[in-house]
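Accompanying notes for the structure given below.
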Amino acid sequence: MFIIIVGGGKVGTYLARGLIKQEHEVVVIEKDARKAQLMTNLLESDLAIVGDGCDPNVLLQAGVARADVVVADTGDDEDNLVVCIITKKNSAARCIARVNNPKNKLIFESLDSESPVTVISSTELILEMIDERVNVNAPHLEPLARVGNGDLELVQLRITDRSPARGKRIADVALPRGSVIVAVDRGGGDVVVPNGDTTLQRGDDVIAMIKREARTDVCTAIVG
């Protein structure tokens, strides 16, 4: 598939990397030239277009007319809405939009009743995961949510005194391939979107995206 990502931040970069590994054709639009260059260097691929994704000419230059999917992943809901509107007018591509304020979801979802925008609210997702607690001592780890055909799961694990991951940077935790820590809840409303240098502490609730068959290995690596 041909996929356009508008927004070359951390999420956009990781998403582009994953899609390239799956051998999709990817173009990323990023208006910050420095970020675009960093992404190009990191991915070792010249897939970035420097420009404003809210500009119809930039989207057309990127190839929106033939795109299969357009991901609006800027940090501004208004910009993401404009990207979706322009895409709908110039393409039959499926739109996926990041929404920072859950109150804006309805606006995105009402754009097209026949081919609605897929809305991802990171705020709602994290809040839902925090509201649900997983008993890590249970014989079977119950997922917070399943993604796609159910092969991918969101799980939550508590760091204790005995956890092998306690005191380690995330980059040093021996997670199975394809498993990613997406958030760390430190209690009191302190939810961290981590990077490789984030150190896991006693009492942290680690929220990870994992492959279903990797449950045992993930539990072993994080909680022992």
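The table for this structure:
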| item | result |
| --- | --- |
| Lone unmet requirement of (1) in a loop (DSSP other than H, G, I, E, B); (2) of a type in the set (K, R); (3) at pLDDT below 80 for R202 | (3) |
| V155 vs. criteria modelled with pLDDT of 90 or more and in a strand (DSSP E or B) | no |
| Restricting region 81-113 to residues that are of a type in the set (S, T, Y) and in contact with a helix residue (DSSP H, G or I) (Cβ under 7 Å, 6 or more places away or on another chain), the residue that is farthest from I4 (Cα to Cα) | S91 |
| Subset tally (residues that are in a helix (DSSP H, G or I) and buried (at least 20 other Cβ atoms within 10 Å of the Cβ)) for region 1-12 | 1 |
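The rows are residues; the columns are (1) of a type in the set (K, R); (2) crowded, with 16+ Cβ neighbours inside 10 Å; (3) within 23 Å of K21 (Cβ to Cβ); (4) touching a strand residue (DSSP E or B) at 6+ places or on another chain (Cβ under 8 Å).
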{"position": "I170", "(1), (2), (3), (4)": "no, yes, yes, yes"}
{"position": "P176", "(1), (2), (3), (4)": "no, no, yes, yes"}
{"position": "I181", "(1), (2), (3), (4)": "no, yes, yes, yes"}
{"position": "D185", "(1), (2), (3), (4)": "no, yes, no, yes"}
{"position": "P194", "(1), (2), (3), (4)": "no, yes, yes, yes"}
{"position": "L200", "(1), (2), (3), (4)": "no, yes, no, yes"}
{"position": "D205", "(1), (2), (3), (4)": "no, yes, no, yes"}
{"position": "A221", "(1), (2), (3), (4)": "no, yes, yes, no"}
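The values are calculated or read from the model by the stated rules, or taken from the named source; none is laboratory data. The structure displayed is predicted, hence computed values, not measured ones. Cβ coordinates were reconstructed from backbone atoms using ideal geometry, including for glycine residues, and neighbour counts include every protein chain displayed.
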